[in-house]
Each structure stands twice: as structure tokens, then as C-alpha cells.
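Novice: A single structure is presented below for examination.
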Amino acid sequence: MDSASQGVVHRTPAVEGLTEVEEEELRAELAKVEEEIVTLRQVLAAKERHCGELKRRLGLSTLGELKQNLSRSWHDVQVSTAYKKTQETLSQAGQKTSAALSTMGSAISRKLGDMRAHPFSQSFSSYSIRHSISMPVMRNSATFKSFEDRVGTIKSKVVGGRENGSDNLPSSPGSGDQTLPDHAPF
């Protein structure tokens, strides 16, 4: 194949429907538009230089402009739909997590309270005897006290320091020696 026929073979479908005159007109228009783009870029560069010179003479700093642009961009982000949806989703997730941690903290504190209030319930089962024998040692261990403190800390953060009824945690790790009120119905 010669080079002229290769050009015809590789033509796009849009070019195939054009006459040679139409194609030449389009090519001329394309060259003109590309030339205008180059001219506009040169004009824009000249205007940007002039703008920079004016700002320099007025004492406007690039840092001030950057701060203003960042502030404007942050505002645009905050009012965007995506940001609002993300913020709402994270808020809901935080509320659900808070509720779950509160429930878990309440359950743990109730269980710890039950263990302290009724150490000898079911005293004849082997589990209960082993449990009762090991509790004073475990209660005085650093691990248990640390765990007890953390549960209290988590609960106060989740619930916000609110205390009600059976959700009370012991006041201090050393309060294991104090007697707790008996919650038994008889």
C-alpha cells in the first residue's frame, strides 16, 4: 500500500462522511482555534504577571491569599453534600458506639457489683467455691484494679459522669474492703 491509501484506511468514521473541501475547512478552523488558544494563554500569563505586580505594590502577600483560599475551600467542603452525609453518618456511628459502650459498661459494672454483693451464692457448686476463694486475691490484684478503673473511666466518658441506680461503679479501687448494700430481695 502506498501512503495515500494508508491515510484512507485509518480514517475515523466521522472523517469518512466528509468531503475533501469540508475536511480542509475543519482543519483550517482547528488551526485557527489552536492559534487563539495559544494567544489566550499568552494574554492570561501577561495578566497574571500584571496582577502579581499590583498585589506586590499593594503589599498583599501570597500567604494571606493562601489563607483566604483555604478558608473558602474549607467552607465549600463543609457545605458540600458529601461532607454533610459523611458528618451525619459519623455522628450516627458515634451515637451507636456510645450506646453500645454504655450498655457494655453497665453490664460489666452490674456483674462486678453482683460478684461483690453475693460472693457465696450457689456456695455448694465447685465453680462458685473456686470463684469465691479466688475473688479476694483477684480483687486485690493490680490487673483487676486497673480493669475496674478503666471500666469506670470508659463509663464516665460514654455516659458523661451520670450515675443512676444499679449502674454505679465502686468509688475507688480500694473500696473492696467496704461492705456494699445487700440487693437481695429477702
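Novice: Pairs under 9 Å by beta carbon, first residue assigned to a helix (DSSP H, G or I) in the range 48-68, partner exposed (fewer than 10 other Cβ atoms within 10 Å of the Cβ) and among the aromatic types (Phe, Trp, Tyr), six or more apart or different chains?
Specialist: The qualifying pairs do not exist here.
Novice: Within the range 32-80, track down each residue that is among the β-branched types (Val, Ile, Thr) and modelled with pLDDT of 90 or more.
Specialist: Once the filter is applied, which keeps residues that are among the β-branched types (Val, Ile, Thr) and modelled with pLDDT of 90 or more, the range 32-80 yields 33, 37, 38, 39, 43.
Novice: Tell me whether the range 105-118 contains one or more residues that are under 30 Å from residue 150 (Cα atoms), assigned to a loop (DSSP other than H, G, I, E, B) and at pLDDT below 95.
Specialist: yes
So that you can scan it fast, the table gives a plain yes or no per residue for (1) in contact with a strand residue (DSSP E or B) (Cβ under 9 Å, 6 or more places away or on another chain); (2) open to solvent by less than 90 Å² (accessible area, probe 1.4 Å); (3) closer than 30 Å to residue 157 by Cα; (4) not hydrophobic (A, V, I, L, M, F, W, C):
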{"site": "47", "(1), (2), (3), (4)": "no, no, no, yes"}
{"site": "59", "(1), (2), (3), (4)": "no, yes, no, yes"}
{"site": "68", "(1), (2), (3), (4)": "no, no, no, yes"}
{"site": "81", "(1), (2), (3), (4)": "no, no, no, yes"}
{"site": "86", "(1), (2), (3), (4)": "no, yes, yes, yes"}
{"site": "89", "(1), (2), (3), (4)": "no, yes, yes, yes"}
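The values are calculated or read from the model by the stated rules, or taken from the named source; none is laboratory data. Quick caveat, the model's predicted, so the values are computed rather than measured. Cβ: placed from backbone, ideal geometry, glycine included. Neighbour counts: every protein chain shown. Remember, those area values only see protein heavy atoms, side chains included, never the ligands or the DNA or RNA. Shrake-Rupley method; radii C 1.70, N 1.55, O 1.52, S 1.80 Å.
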